[in-house]
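Report on one structure; see the data block that follows.
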Amino acid sequence: MTRPVAVLRPEPGNSATAARAEALGLTVIRLPLFAVRPVAWTAPDPDIHDALILTSANTIRHGGEALRSMLALPVLAVGERTATMARSAGFDVMATGVADVTALLALAEARGIRRALFVGGRERIPVNSDVIATAITVYGSDALPLARREIEALDGAVALLHSARAAHRLGGLVVDRSRIRLAALSDAILDAAGAGWAGGLAATAPDDGMLLGVARMLAD
């Protein structure tokens, strides 16, 4: 029996991932765990920074006019989707990481970056790096209320995990982890989910297509 695939990421990414999954012939459960909303912020002086670190397309969506004042800074992005949106917004992308933010920061250091501006979400994995001079929050993810029947519908599914926060929340919602398989966007996200699941695999790069490839294997 083929398992359904549960898409848990916030909109608008939820609809996009669900459509890709359905195009692959997968049965999809659309269940956003969070809603992403902009946070008021003030842009720092771009002249005191030498690069912009972007780890999510949500930064582009919710950064507003303040983010546009950073257009002179070269961008290092996690994942091709984030890089593509940055280019569409007018940024010059100097490098795209194919793993996670830790790998991207190592790449930034190798490129000679020393005073980067990190702009991202309120809920993020803490990182320690001499590369980052300033870190600013421009959006937050608020938990959405879920009915018990919605949570029970995940029984026997493959859950797609796009963030460590989604991994943590899923673990707190379900009663029997042994009935659910996990497909995660990275090893760090898979680790954040903890133990006790029916199985789990991480994509080899932070790419939605690769994640769905993993989900397809787990669904069979």
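The figures follow:
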read-out: Residue match in the range 107-121 (condition: farther than 20 Å from LEU67 by Cα, in a helix (DSSP H, G or I) and charged (D, E, K, R)); value: yes
read-out: Qualifying residue in the range 79-91 (condition: without any contact (Cβ under 8 Å) to a residue 12 or more places away in the chain and not in a helix (DSSP H, G or I)); value: no
read-out: From the options GLY194, GLY172, GLY200, residue that is at pLDDT 95 or above, touching a helix residue (DSSP H, G or I) at 6+ places or on another chain (Cβ under 6 Å) and not in a loop (DSSP other than H, G, I, E, B); value: GLY200
read-out: ARG115 being more than 26 Å from ASP191 (Cα to Cα), touching an Asp or Glu at 6+ places or on another chain (Cβ under 7 Å) and surrounded by fewer than 16 Cβ atoms within 10 Å (Cβ to Cβ); value: yes
read-out: Test: residue in the range 133-149 that is over 21 Å from PRO44 (Cα atoms), assigned to a helix (DSSP H, G or I) and at pLDDT 95 or above; value: yes
read-out: VAL175 being crowded, with 23+ Cβ neighbours inside 10 Å, farther than 18 Å from GLU123 by Cα and not basic (Lys, Arg); value: no
read-out: Filtered residues of the range 68-78 (kept if free of Cβ contacts under 8 Å to residues at least 60 places away in the same chain, touching a Pro at 6+ places or on another chain (Cβ under 9 Å) and of a type outside the set (Gly, Ala, Ser)); value: MET70, LEU71, LEU73
read-out: Candidates LEU160, LEU154, LEU185, LEU170, filtered to the one that is in the same structural domain as PRO10 (by TED's automatic domain parsing), closer than 10 Å to ALA6 by Cβ, of a type in the set (A, V, I, L, M, F, W, C) and within 14 Å of the chain's Cα centre (by Cα); value: LEU160
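The values are calculated or read from the model by the stated rules, or taken from the named source; none is laboratory data. None of the values given here were measured: they were computed from a predicted structure. Here Cβ is always computed from backbone atoms with ideal geometry, including for glycine, and neighbour counts include all displayed protein chains.
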